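Structure, as structure tokens:
The values are calculated or read from the model by the stated rules, or taken from the named source; none is laboratory data. Please read these numbers as outputs of a predicted model, since none were measured by experiment. Here the Cβ is made from the backbone with ideal geometry for all residues, glycine too, and neighbour counts use every protein chain on show. To get the accessible areas, we keep the full protein, side chains included, count just its heavy atoms, and leave off ligands, DNA and RNA. Shrake-Rupley method; radii C 1.70, N 1.55, O 1.52, S 1.80 Å.
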There are 2 protein chains.
Amino acid sequence: MKVRVLVSFKESVLDPQGQAVKNALLTLGYDFIEDVRQGKIFELELKDMSREKIEEMIPEISHKVLSNPIIEKFEWEVID
Amino acid sequence: MKVRVLVSFKESVLDPQGQAVKNALLTLGYDFIEDVRQGKIFELELKDMSREKIEEMIPEISHKVLSNPIIEKFEWEVID
């Protein structure tokens, strides 16, 4: 099974990487860009396990290992 | 409008960051992890524009600016 975890800064946290990308795009003439936020994605390949176990474990490892919950938020989905 | 672009290494490219995360998770006892791949996510806030324009421009900036097409692939979706 495959799970995708998206980790991004909370709205209140400055995102200098996203700002740099935004400025690069505007400089290149892509003037339809209003804002850019950058984050991380983790694709986890899992051994066979129950849906309940996935719903217990993925938030746990996202919270404890994959993100910094003080400044980041995460969302996740089963993709395969 | 909001668009999300996911950029990750092609399958044939080694992903040392993903390997490091995998090893960390296994060390912590999460033995249901088979593999981890890490990538980047860009959330783009766009000015109002047509669906056709989005379908033209987002692959262009993903290819030219957000990813390195030699080693990375991307996918994108409108999320808002």
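A few comments on the model shown:
- Protein accessible area in chain B, 1.4 Å probe - carbon and sulfur %: 51
- Relative contact order of chain B, defined on C-alpha pairs under 8 angstrom at six or more residues apart (%): 54
- Using a probe of 1.4 Å, the accessible surface attributed to A:TRP76 totals some 70 Å² when neighbouring protein chains are kept in position.
- Solvent-accessible heavy-atom area per residue, rounded to whole Å², over chain A at 1.4 Å: 55
- Number of partner chain Cβ atoms within 10 Å, mean per residue of A:42-53: 4
- Counted charge near B:ASN68, where neighbours are those whose Cβ lies closer than 13 Å (Asp, Glu -1; Lys, Arg +1): +3
- Per-residue mean of C-beta atoms belonging to partner chains within 10 Å, peptide A:19-32: 3
- Summed residue charge, Cβ within 13 Å of A:TYR30's Cβ, Lys/Arg positive, Asp/Glu negative: -2
- Rounded to the nearest 20, the Cβ-based charge dipole of the protein assembly as shown about its Cα centre (Lys and Arg +1, Asp and Glu -1) stands at 400 debye.
- The mean number of partner chain beta-carbon atoms within 10 angstrom of a residue's beta-carbon across peptide B:68-78 is 0.
- Surface burial for B against A, with a 1.4 Å probe and both sides summed, reaches about 3000 Å² of accessible area.
- Whole-Hz couplings from phi, Karplus 6.51/-1.76/1.60, listed for segment B:70-79; x for Gly and Pro: 6, 10, 10, 10, 9, 9, 8, 8, 7, 10
- Segment A:13-67-segment B:1-75 distance, computed between alpha-carbon centres (Å): 8
- Here the sum of -39500 (n - 2.57) over DSSP H runs of 4 or more residues, divided by the residues of chain B, equals -9000 deg cm²/dmol at 222 nm, to the nearest 500.
- P(r) of chain A over all Cα-Cα pairs, binned every 5 Å from zero, in whole percent: 3, 14, 21, 17, 13, 12, 10, 6, 3, 1
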